Structure formats: C-alpha cells, structure tokens
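Working notes, beginning with the structure itself.
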Amino acid sequence: MKENIIDILYALKDRNGNYSKLVGTSICSLLENTNSRIRIHVFHDGSVCGKNRECLEQLVEVYQQRIKFYNVRELLVDVWEEAERILPKAISDSRFTEATLYRLLAPQILSNIERLIYLDADTVVNIDIIKLWQERIGPSGLAAVREADVIKHFELKRLDSPFQQTVEDMSAGGVNIDNCFNAGVLLMNLHILRKRGNLLLDGFRMLTGISDETNFYDQNILNYYFAKDLTPLPSRYNLLQYWDKKNGNTKTIEGIYHYSGHSLTLNPKDERDTMYWNYFLKTPWADGEFFCRFFSEFRKLYQLTGSTTFKKIRAVLSAIGGKTLVVVYADGFGSSVHKLFNENTIYCQAGQGNSLQLRFEYDVETHFYLLFLPDYPKIKVMLEKAGLVEGEHFLDGDMFLENRKLVDDLYTIQEIFEGM
C-alpha cells in the first residue's frame with residue numbers, strides 16, 4: 001500500500017499447460033481495465049515454465065506491469081510434508097488440484113505484503129480493479145461475496161444443502177451460515193491473517209474433526225474461519241456465470257465474471273462468451289499455430305460429442321422400457337418440450353426461480369422422469385441422496401432440446417484449451 005501498488009494473487013498447478021492460458025486471459029482483462037500500478041503474484045508447483053511462463057511475462061510486460069512466480073512446493077517443503085501427514089486426501093484428491101490450497105499460504109509466502117486480492121484462474125475482470133482494492137476488509141481480515149447475496153442477485157431459491165452434516169458441524173463451531181461465501185474472489189488483509197497462524201495446517205486439523213463430506217477443502221477452511229464475521233462484498237465482484245446464464249441474463253455489467261464449470265461456451269450472441277474470447281485473443285497464446293490446432297481439435301470434439309450424445313439418448317430409451325415418461329419442466333421450457341414426445345407422456349410444470357417446485361408424484365418403478373430444470377447438478381445430488389438413481393429413475397432432459405448445440409456440455413475452459 002505504501003508503494004501505491006495493487007497486489008494480485010493467482011494460484012495454479014499446470015500439469016497440462018491449460019491453466020496458464022486461463023490465468024493469462026484473466027490477467028489481460030485485469031490490466032486492460034486499469035491505470036493503477038499492478039504487481040501480480042503467481043503461486044505454482046514448478047509446472048508454470050517454458051513457453052507458458054514466457055507468455056505470462058510477455059503479457060505483463062506489454063502493460064508495463066510486474067509479475068513474480070513462487071514455487072510453493074519448494075518454498076514450504078516442511079509445511080507440505082506436515083499437511084500430507086494431517087490430511088493426505090486433501091492433496092491427492094483427483095477431483096481437485098492442490099493449487100486450490102495455495103491461497104491459504106499467502107500470509108506466510110508474501111510476508112512483506114499487507115493487502116492482497118486473490119482471483120481464481122477462470123475469472124475475467126470487467127471493472128477497474130482499484131474499485132475492489134478500495135473496498136473495506138474489516139477486522140476479520142477477509143472480504144468476499146456471500147452466497148446469500150449471490151442467491152439474492154440472481155433471484156434464486158435457496159435449496160437445502162446436500163452436505164447437511166457439514167453445515168451442522170460448522171454451525172456448531174460458530175459459523176454464521178448466512179455469511180458463507182465463494183472463495184474465487186477474495187480481498188485479504190495478510191497482516192491480520194498472519195495472526196491466525198498457518199491457515200493450511202490449522203485448517204487441515206480442523207477438518208479432521210468435523211464431518212467433511214463435501215471435500216471442498218479450501219472453501220470449507222476459509223468459511224469455517226471467516227464466515228463468522230465476514231465483511232461482505234457486493235455481488236458484482238463474483239458474478240458466477242453458471243447462475244448468470246441460467247437466470248437468462250444477457251448483458252454484461254461492471255464486475256468480475258467467474259466462469260466456473262461449463263459456463264463458458266462459444267455463442268457469438270452471448271456477450272459474456274465474446275468478452276472472454278476478446279481478452280484471450282489479446283494474449284500471446286492466440287497466434288496462428290493456436291488457431292490451426294483449435295480448428296483441428298474442435299472438429300474432433302464435435303464428432304466425439306455427437307457420438308456421446310447418441311449413446312446417452314439410447315441409454316435413456318433403454319432405461320424407460322415399459323415405463324411411462326414424465327417430463328418435468330421449468331417455466332420457459334414448455335414450448336420446446338411439448339412437441340418432443342408422444343401423447344402418452346405426462347407433463348408437469350415446475351415453476352421457475354423462487355417458485356420452482358420439484359415433486360415426484362408417480363412411482364419411479366413405473367414412471368421415468370426427464371428433467372428440464374435449471375441447476376440440474378444440484379438437483380441430481382438431492383435426488384441421489386433420496387435414493388434415486390440417475391439413468392434409472394431420472395435424467396437431465398437438456399440433450400433433447402432442438403436448439404441445444406451438441407458441444408454445449410462437453411467442455412470446461414480447460415478442456416477447450418486441451419492440446420491447443
């Protein structure tokens with residue numbers, strides 16, 4: 001702060017070389033939209049090297065800013081050895097990358113820095129970052145966008161958590177559940193956080209004492225320690241694109257866009273998609289060689305998706321067998337789904353947004369449910385906890401919609417960049 005520099009942290013484990021392109025795109029958007037002096041810190045495990053490191057350095061140099069790389073594994077060998085003894089599954093879990101844990105070590109590694117912004121790799125900064133930098137952090141040492149504010153922003157209905165035991169354990173520990181937050185964008189006071197000790201090791205010890213069935217290790221640790229007295233940020237600083245698109249928003253606003261999961265597509269009519277690719281095209285990775293590889297790989301993806309989708313449809317028809325088909329749809333899907341199936345189909349309208357209601361009124365042994373509903377992944381978790389089986393009792397009906405592109409749900413951003 002004394003140098004009037006804004007410090008930004010990214011963290012990645014880039015075994016296949018894809019995450020560097022994500023980080024580069026986010027950095028490009030960040031630097032395009034500010035005149036402030038920026039110092040970027042990149043935590044990694046040694047995998048950010050060669051061309052990818054050169055591209056990141058080249059990108060930042062174009063904007064006459066600064067970037068520094070930190071091999072977290074080399075800098076804190078003893079910490080990682082202790083972490084692996086306490087909770088080895090958190091580091092070896094194949095569903096996540098250990099880089100999600102790196103932000104917990106920022107207070108120790110960045111020992112001379114007081115104030116810091118952390119950004120996930122899959123973010124686009126469509127706002128002058130100084131506006132976030134000047135937000136109040138408060139005595140907790142951390143500010144973030146609360147889940148409750150995300151729900152309010154997108155006019156969503158709060159669903160019961162599929163991880164109720166973890167919620168109960170955290171509540172028993174004094175956590176204010178209404179203050180729980182997404183950890184993809186954080187404003188941190190590292191001076192205050194250092195007084196809390198080592199967030200990674202202390203957090204791992206804490207997780208061993210609660211029913212951590214969610215296995216969202218970093219986010220559970222951060223919420224356990226900071227949701228008690230979190231300083232909330234406005235929802236514009238973490239605009240989750242999965243919800244943004246499900247809610248039918250079409251226009252971009254000033255804010256930080258978070259493209260987690262399958263929320264980025266290649267839709268030329270979607271401003272959020274074109275915004276992302278406009279920034280990527282300004283990075284050093286977007287050269288002629290990239291576009292030749294992109295065309296070749298995308299053609300393979302399209303062919304693969306067509307084959308995969310056909311197999312899914314065939315599996316649905318096989319699962320239905322002699323059952324009666326029940327089509328459950330949210331408002332807005334009616335005109336599309338009513339013309340898809342024969343007269344023996346039962347249609348059930350489920351509402352939309354806060355009024356969305358899901359009822360299985362017919363016996364699943366004699367009826368098969370095809371769901372045309374937003375937030376299918378969360379609904380799937382709830383149904384499976386109730387004992388239902390995807391593919392046997394219910395399935396996502398989205399694949400049958402006429403206007404659905406075959407490649408829509410094939411890839412995440414990382415998979416788009418795979419091999420390109």
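The values are calculated or read from the model by the stated rules, or taken from the named source; none is laboratory data. Everything quoted here is computed from the prediction, not taken from an experiment. Here Cβ is always computed from backbone atoms with ideal geometry, including for glycine, and neighbour counts include all displayed protein chains. Ligands, DNA and RNA are excluded from the accessible area calculation, which covers all protein heavy atoms including side chains. Shrake-Rupley method; radii C 1.70, N 1.55, O 1.52, S 1.80 Å.
Can you give the accessible area per residue of the stretch 6-84, in Å², using a 1.4 Å probe?
Per residue, the stretch 6-84 has an accessible area of 42 Å².
Using a probe of 1.4 angstrom, how much of the accessible area of the stretch 78-147 is carbon and sulfur, in percent?
43
Give the residue from Trp80, Ala90, Thr100 lying farthest towards the positive end of the charge dipole for the stretch 34-137; charges sit on Cβ (+1 for Lys and Arg, -1 for Asp and Glu) and the dipole is referred to the Cα centre.
Checking the options against the dipole of the stretch 34-137, the answer is Thr100.
For Tyr217, what accessible area in Å² do you get when you roll a 1.4 Å probe over the heavy atoms of the protein chains, rounding to the nearest 10?
Its accessible surface works out to 10 Å², give or take rounding.
Which value, in Å² rounded to 10, gives the accessible area of Cys49 with a 1.4 Å probe and all protein chains present?
Answer for Cys49: close to 80 Å² accessible.
If Thr250, Thr345 are ordered by their accessible area, calculated over protein heavy atoms with a 1.4 Å probe, which sequence runs from highest to lowest?
Order by accessible area, largest first: Thr250, Thr345.
Students sometimes get this wrong: rank Tyr242, Tyr102 by accessible area, probe 1.4 Å, all chains present, largest first.
Correct descending sequence by accessible area is Tyr242, Tyr102.
Rounded to the nearest 10 Å², what accessible area does Thr97 show when all protein chains are kept and the probe is 1.4 Å?
Approximately 40 Å² for this residue.
To the nearest Å, what is the center-to-center distance of the stretch 246-279 and the stretch 1-50, using C-alpha atoms only?
Here the answer is 20 Å between Cα centres.
With a 1.4 Å probe and all protein chains in place, put Phe69, Phe226 in order of accessible area, largest first. Intermediate results must be reported in sequence, preceding the final value.
Working: Phe69 30, Phe226 0 Å².
Descending accessible area places them as Phe69, Phe226.
I'd like the FRET efficiency for Asn247 and Ile91, computed as 1/(1 + (r/R0)^6) with the beta carbon distance as r and R0 of 30 Å, rounded to 0.05.
Working from the Cβ atoms, E equals 0.25.
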